[in-house]
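Have a look at the structure below, then the notes.
The values are calculated or read from the model by the stated rules, or taken from the named source; none is laboratory data. This structure is a prediction, so every number in the text was calculated from the model and none was measured. Note that we place each Cβ from the backbone using ideal geometry, even for glycine, and neighbour counts take in every protein chain shown.
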Amino acid sequence: MKKDKDAVLIVLPSDHFIEGNQSFIETLKHGVDIAERRRGIVTIGIKPTRPETGYGYIQIGEKVASGLDTYKVARFTEKPNLEVAKDFMMTGNYLWNSGMFIFRADVILREIEKYLPNMYKNLIEIYKYVGEEEEEKVIIDQYKLIEGISIDFGVMQKTRKAYVIKCDFTWDDIGSFTALSRFLKSDKNNVVSKNVFLQGSENCAVFGDKNLIIGFGLKDLVIVDAGDVILVMDRYRDQEIKHLLNTLSEEQGYRDYL
């Protein structure tokens, strides 16, 4: 915003798989248009293909634009349980929240000021020093003070300026081992990569590397050879791995492996 008072930002997570570049680009252009004309905070919604419990869901409201399907956001729901996710799929008016956002810099700052006033003070302090000699030091100092809260919880669940574009390109979030396993080669009833031999096993995802991994009589596991670490995990608990890493980071003997 310091370089351009009318700046529009497109926020794209790095761990997404997208197929259909032209459609993707057209969706982003449309999102920029909505962000500029309506001063809205725009997210891109994905039609659910399974009752996924690792994603947030967006309930669509009133349709607001011609061309690409664009709606006011009625409600955000973060990571529901399986039964709720199934209900959302049945109703047909919920989309996955992709975590991609488009907004004007001044609009998102105003919403942060409204809903996260302490964070707003930190950001404005950083803003004062953008382009100045002390910029890096101020960023480091202020970042330590910022509360760790996602934009979904901090802003999107509260704002009245939220819009969602229903996309028609192929999308997947490969930020978990279960999601990444959808891109591995199939081996009977399992998915594997590199040096893996399984027998009498089903519904396992095994990420091999230099060492040969042999599995016998296994079921519903994720196994990862990460060199100096071997991860063995219940396939249905991969969303809990962040909590596991937090626990390990508190143990002095394990920190060097993280």
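A single entry from Ile213, Ile149, Ile174, Ile139 fulfils the requirement of being within 30 Å of Ile25 (Cα to Cα) and either of a type in the set (D, E, K, R) or surrounded by 14 or more Cβ atoms within 10 Å (Cβ to Cβ) (or both): Ile174.
I'd like to know if region 40-47 contains one or more residues that are more than 30 Å from Gln239 (Cα to Cα), buried (at least 17 other Cβ atoms within 10 Å of the Cβ) and modelled with pLDDT under 95.
Scanning region 40-47 turns up at least one residue that is more than 30 Å from Gln239 (Cα to Cα), buried (at least 17 other Cβ atoms within 10 Å of the Cβ) and modelled with pLDDT under 95.
Of all residues in region 181-196, those being touching a residue at least 12 places away in the same chain (Cβ under 8 Å) and surrounded by 14 or more Cβ atoms within 10 Å (Cβ to Cβ) number 9. Given the criteria touching a Lys or Arg at 6+ places or on another chain (Cβ under 8 Å), loosely packed, with under 15 Cβ neighbours inside 10 Å and either in contact (Cβ under 8 Å) with a residue 60 or more places away in the chain or of a type in the set (A, V, I, L, M, F, W, C) (or both), does Leu248 qualify? Spelling it out, Leu248 is indeed touching a Lys or Arg at 6+ places or on another chain (Cβ under 8 Å), loosely packed, with under 15 Cβ neighbours inside 10 Å and either in contact (Cβ under 8 Å) with a residue 60 or more places away in the chain or of a type in the set (A, V, I, L, M, F, W, C) (or both).
Residues in region 197-207 that are part of a strand (DSSP E or B) and touching a residue at least 24 places away in the same chain (Cβ under 8 Å) were compared, and the one that is surrounded by the fewest Cβ atoms within 10 Å (Cβ to Cβ) is Phe207. Checking each residue in region 175-196 for being in contact with a Leu (Cβ under 8 Å, 6 or more places away or on another chain), polar (S, T, N, Q) and not in a loop (DSSP other than H, G, I, E, B) picks out Asn190, Ser193. Only one entry of Asp238, Asp225, Asp256 meets the criterion of being of a type in the set (Asp, Glu), at pLDDT below 85 and surrounded by 16 or more Cβ atoms within 10 Å (Cβ to Cβ), and that entry is Asp238. Can you find even one residue in region 61-71 that is free of Cβ contacts under 8 Å to residues at least 12 places away in the same chain, outside any helix (DSSP H, G or I) and of a type in the set (Asp, Glu)? Yes; the residues of region 61-71 include at least one that is free of Cβ contacts under 8 Å to residues at least 12 places away in the same chain, outside any helix (DSSP H, G or I) and of a type in the set (Asp, Glu).
In region 89-141, the residue that is nearest to Asp152 (Cα to Cα) out of those that are among the aromatic types (Phe, Trp, Tyr) and in a helix (DSSP H, G or I) is Tyr115. Check whether at least one residue in region 157-174 is without any contact (Cβ under 8 Å) to a residue 40 or more places away in the chain and in a strand (DSSP E or B), and report yes or no. No: region 157-174 contains no residue that is without any contact (Cβ under 8 Å) to a residue 40 or more places away in the chain and in a strand (DSSP E or B). From the list Val73, Val164, Val107, the one residue that fits, being crowded, with 18+ Cβ neighbours inside 10 Å and within 17 Å of the chain's Cα centre (by Cα), is Val164.
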